[in-house]
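A.B. asks: Sending over a structure as structure tokens; questions will come in a sec.
Any read-out appearing in this document is the output of simple, stated calculations on the displayed coordinates, not a laboratory observation. All values derive from a computational prediction rather than experimental measurement. When we count neighbours, we look across all protein chains shown, and the Cβ atoms used for this are built from the backbone with ideal geometry, even at glycine.
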Amino acid sequence: MTGATLGVGMVGYAFMGAAHSQAWRTAGRFFDLPLQPDMAVLCGRNADATAAAAQRMGWRHTETDWKALLGRDDVQLVDVCTPGDTHAEIAIAALEAGKHVLCEKPLANTVDEAKAMVAAAEAAKAKGVLSMVGFNYRRVPAVALARQLVEQGRIGEIRHVRAVYLQDWIVDPEFPLVWRLQKDKAGSGALGDIGAHIVDMAQFVTGDRLTGVSALTETFVKERPLPEASSGLSASGSSERGEVTVDDTALFIGRFGGGAVASFEATRFATGRKNAIRLEINGSAGSLAFDFESMNELSFYDGTEDPGTAGFRRIYVTESTHPYVGAWWPPGHGLGYEHSFTHEVVDLVRDLAAGNDPTPSFADGLQVQQVLDAVVRSAESGSSWEPIAGED
Ligand code: 4PW
């Protein structure tokens, strides 16, 4: 480790802000990094709450206006952990001010915003200013291992992709209308919040891209109590009610450029399923299956083995040779949700130091947004087939 630092200014300190804070705090303590993250400034609108969060999570200074981060010499990177309606404005201004940007997913609330962010990222890249969108589940070791096995040809030609993201935190119709259920703040509902993750994960693991989709969406609960207070995925409601303006669930089928067919389901109404992100890929020579609720495991079926003894084998992804794992604990001791954010930050810092373009890029984030947009168009028109812009 050198003495060089990367000053970070983070906007937002709720669920994602806490996850990113943990990542910035931990990355340089477990991984050998070329730049040591310096948790310089935490920014939030409420001065007292921001100061309390900064103290709790380890930030040295606070600001109440994100624009103040742009002029600070102790900030070289702006980490955007706000709801989607402010991603474009903050990220573009930060890039124009010469700050690297890490932006939470989904990149934006609309394709137009995402395009403007890509244009700003391209202009900034020419000046050595880099950006990344935070699809953290790519950096779960078992998911990264799945990608390696596909790259090595271990499952052959991919025929089927089956991806679901199942949660149940809004099953109760009295659960309040938090920002994730408001279109003007979140862009869409389950589709953008969790569907975006499985689109990114499926495209990442296959190394392929969706070319078209046919979809349906549903909003089961049309009105909810207005929120009084909320934190992460918990909230308390008032007696007033408001309209739910996003989807509760999105289902779609799709085709990949390489010929695979796919199905996707994103829902917050899968009673009993808490954070079940599942991906199964069937290829000509084998299959892979992952479930985030057993995130240290990857199932692998090797179709080249003797059929008499072949079967899905559970790889316990805790060996030091597995992606990211060597920096942590001895074999068998397992990692958690928060480690995916640490790995995101580790890869980002290494890319910044080397001058490499980090992935997923803003352009990758735009492409996911184009998939989400095609899903919405298809659902609105009654499940029409919608090509993905730029991929047809
Ligand atoms: O990014 C996602 C969130 O917005 C998360 O990984 C899980 O689903 C937790 O909250 C939502």
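A.B. asks: Would you please name the trypsin sites (Lys or Arg not before Pro) within segment 247-276 that are DSSP coil residues with at most 13 other C-beta atoms within 10 Å of their C-beta?
C.D. replies: Qualifying residues, ordered by number: Lys274.
A.B. asks: Here's a follow-up. Give the Debye-formula value of log10 I(q)/I(0) at each listed q (0.08, 0.11, 0.13 Å⁻¹), with one equal scatterer per alpha carbon of the chain, two decimals each.
C.D. replies: For the requested q values the scattering log ratios are -0.41, -0.80, -1.14.
A.B. asks: While we're on this one: Tell me which of Leu251, Ser263, Phe312 sits at the most positive position along the dipole axis of the chain, charges placed on C-beta atoms (Lys, Arg +1; Asp, Glu -1).
C.D. replies: Phe312
A.B. asks: Using the 10 angstrom Cβ neighbour count as an exposure proxy, how do Thr110, Thr342 rank, fewest first?
C.D. replies: Details: Thr110 16, Thr342 27.
Going from sparsest to densest Cβ surroundings: Thr110, Thr342.
A.B. asks: Could you check the simple spin-label distance between Gln55 and Glu240, using points 7 Å along Cα→Cβ, in nm with one decimal?
C.D. replies: Simple spin-label model gives 3.2 nm for this pair.
A.B. asks: Moving on. Measuring from a point 7 Å past the Cα of Val261 along Cα-to-C-beta, which residues in segment 188-216 have an amide N at less than 18 Å?
C.D. replies: Inside the label zone: 209-216.
A.B. asks: Sticking with this structure for a sec: Rounded to the nearest 5, what is the percent of antiparallel bridges among the DSSP beta bridges in the chain?
C.D. replies: Values: 45 of 74 bridges.
For the chain, the DSSP antiparallel bridge percentage is about 60.
A.B. asks: Per residue of segment 287-295, what does 6.51 cos²θ - 1.76 cosθ + 1.60 with θ = phi - 60° give for ³J(HN,Hα)? Whole Hz please, x for Gly and Pro, Karplus curve as stated.
C.D. replies: Going residue by residue, I get 9, 10, 9, 9, 9, 4, 5, 10, 5 Hz, with x marking Gly and Pro.
A.B. asks: Just grab the label-to-label distance for Ala47 and Thr64, each label 7 Å out from Cα along the Cβ direction, in nm (one decimal).
C.D. replies: In this crude spin-label approximation the distance works out to 0.4 nm.
A.B. asks: Quick one: which residues, 5+ away or cross-chain, put their amide H under 5 Å from the amide H of Arg159? H built at 1.01 Å from N.
C.D. replies: Sorted by chain and number, the residues that satisfy this are Asn282, Gly283, Ser284.
A.B. asks: Taking amide hydrogens as modeled 1.01 Å from N in the peptide plane, which residues meet the under 5 Å criterion relative to Trp328, leaving out close sequence neighbours?
C.D. replies: Placed amide hydrogens put nothing under 5 Å from Trp328.
A.B. asks: A further question follows. Suppose R0 equals 25 Å; then what is the FRET efficiency for Gln148 and Lys274 from their Cβ-Cβ distance, rounded to the nearest 0.05? Before the final figure, lay out each step's value.
C.D. replies: Numbers: r = 28 Å, r/R0 = 1.10.
Result of the calculation: an efficiency of 0.35.
A.B. asks: Something else about it: Alpha carbon centre of segment 77-124 versus segment 1-55: separation in Å?
C.D. replies: Cα centres, segment 77-124 to segment 1-55: 18 Å.
A.B. asks: If you don't mind, another one. What are the residues whose amide H is under 5 Å from the amide H of Gly7, where those residues sit 5 or more places off or on another chain and H is modelled from the backbone?
C.D. replies: Residues meeting the criterion, in which the H sits 1.01 Å from N, are Asp38, Gln76, Leu77.
A.B. asks: Using a simple charge model, +1 on the beta-carbon of Lys and Arg, -1 on the beta-carbon of Asp and Glu, nothing else, what dipole does segment 98-189 show about its Cα centre, in debye to the nearest 20? Walk me through the intermediate numbers first.
C.D. replies: Details: 14 positive and 10 negative charges, 92 e Å.
It works out to roughly 440 debye.
A.B. asks: Sort Met16, Met132 so the one with the fewest other Cβ atoms within 10 Å of its own Cβ comes first. Intermediate values should be presented prior to the final figure.
C.D. replies: Numbers: Met16 21, Met132 26.
Least to most surrounded, the residues fall as Met16, Met132.
A.B. asks: Starting from the Cα-Cα distance between Ala126 and Leu233, subtract it from 0.36 nm times their residue separation and give me the gain in nm to one decimal. Provide the component values of the computation, followed by the final result.
C.D. replies: Details: separation 107, 0.36 × 107 = 38.52 nm, distance 3.88 nm.
Contour length minus the Cα-Cα distance gives 34.6 nm.
A.B. asks: Can you sort Val261, Val150 by how many other beta carbons sit within 10 Å, fewest first?
C.D. replies: Numbers: Val261 13, Val150 21.
In order of increasing Cβ crowding within 10 Å: Val261, Val150.
A.B. asks: Something else now. HN-Hα J couplings of segment 176-188 from phi, Karplus 6.51/-1.76/1.60, θ = phi - 60°, integer Hz, Gly and Pro as x?
C.D. replies: Whole-Hz 3J(HN,Hα) from phi for segment 176-188: x, 7, 6, 4, 5, 9, 10, 4, 5, 8, 9, x, 8.
A.B. asks: Hey, for a label at Asp302 modelled as a point 7 Å past Cα toward Cβ, could you say which residues of segment 142-163 have their backbone N under 16 Å away?
C.D. replies: 146, 148-156
A.B. asks: Show that you can apply the helix-only estimate: for the chain, add -39,500 (n - 2.57) for every DSSP H stretch of four or more residues, divide by all residues, and state [θ] at 222 nm to the nearest 500. Mind dumping the intermediate values first?
C.D. replies: Details: 10 runs with 119 residues, N = 392.
So the calculated ellipticity at 222 nm is -9500 deg cm²/dmol.
A.B. asks: Could you size up the charge dipole of the chain around its Cα centre, putting +1 on the beta carbon of Lys and Arg and -1 on that of Asp and Glu, and report it in debye to the nearest 20? Please list the in-between numbers first.
C.D. replies: Details: 34 positive and 51 negative charges, 109 e Å.
Around 520 debye, computed over the chain.
A.B. asks: Could I ask something else about it? Loop-only trypsin sites (Lys or Arg not before Pro) in segment 19-126, please: DSSP not H, G, I, E or B, and at most 15 other Cβ atoms within 10 Å.
C.D. replies: Values: sites: Arg25, Arg29, Arg45, Arg56, Arg60, Lys67, Arg72, Lys99, Lys115, Lys125; in loops: Arg45, Arg60, Arg72, Lys99.
Passing both the DSSP loop test and the Cβ count: Arg45, Arg60.
A.B. asks: For the chain, what does the relative contact order come out to in percent, with C-alpha contacts under 8 Å and a separation of six or more? Please list the in-between numbers first.
C.D. replies: Working: 911 pairs, mean separation 78.3, N = 392.
So the answer I get is 20 percent.
A.B. asks: Additional query: If you stretched the chain out fully between Thr5 and Val171, how much longer would it get, using 0.36 nm times the residue separation minus the C-alpha to C-alpha distance?
C.D. replies: Values: separation 166, 0.36 × 166 = 59.76 nm, distance 4.47 nm.
That works out to 55.3 nm of additional length.
A.B. asks: Given Cβ point charges of +1 (Lys, Arg) and -1 (Asp, Glu) and nothing else, what value in debye, to the nearest 20, does the dipole of segment 53-162 about its Cα centre take? Walk me through the numbers on the way to the answer.
C.D. replies: Values: 15 positive and 14 negative charges, 126 e Å.
Its charge dipole is roughly 600 debye.
A.B. asks: Then there is this: Farthest toward the dipole's positive end in the chain, which of Leu177, Ser131, Gly189, given Cβ charges of +1 (Lys, Arg) and -1 (Asp, Glu) about the Cα centre?
C.D. replies: Ser131
A.B. asks: In whole Hz, with x marking every Gly and Pro, tabulate ³J(HN,Hα) for segment 110-125 from phi via Karplus 6.51 cos²θ - 1.76 cosθ + 1.60, θ = phi - 60°.
C.D. replies: 9, 5, 4, 4, 4, 5, 5, 5, 5, 4, 5, 5, 5, 5, 5, 4
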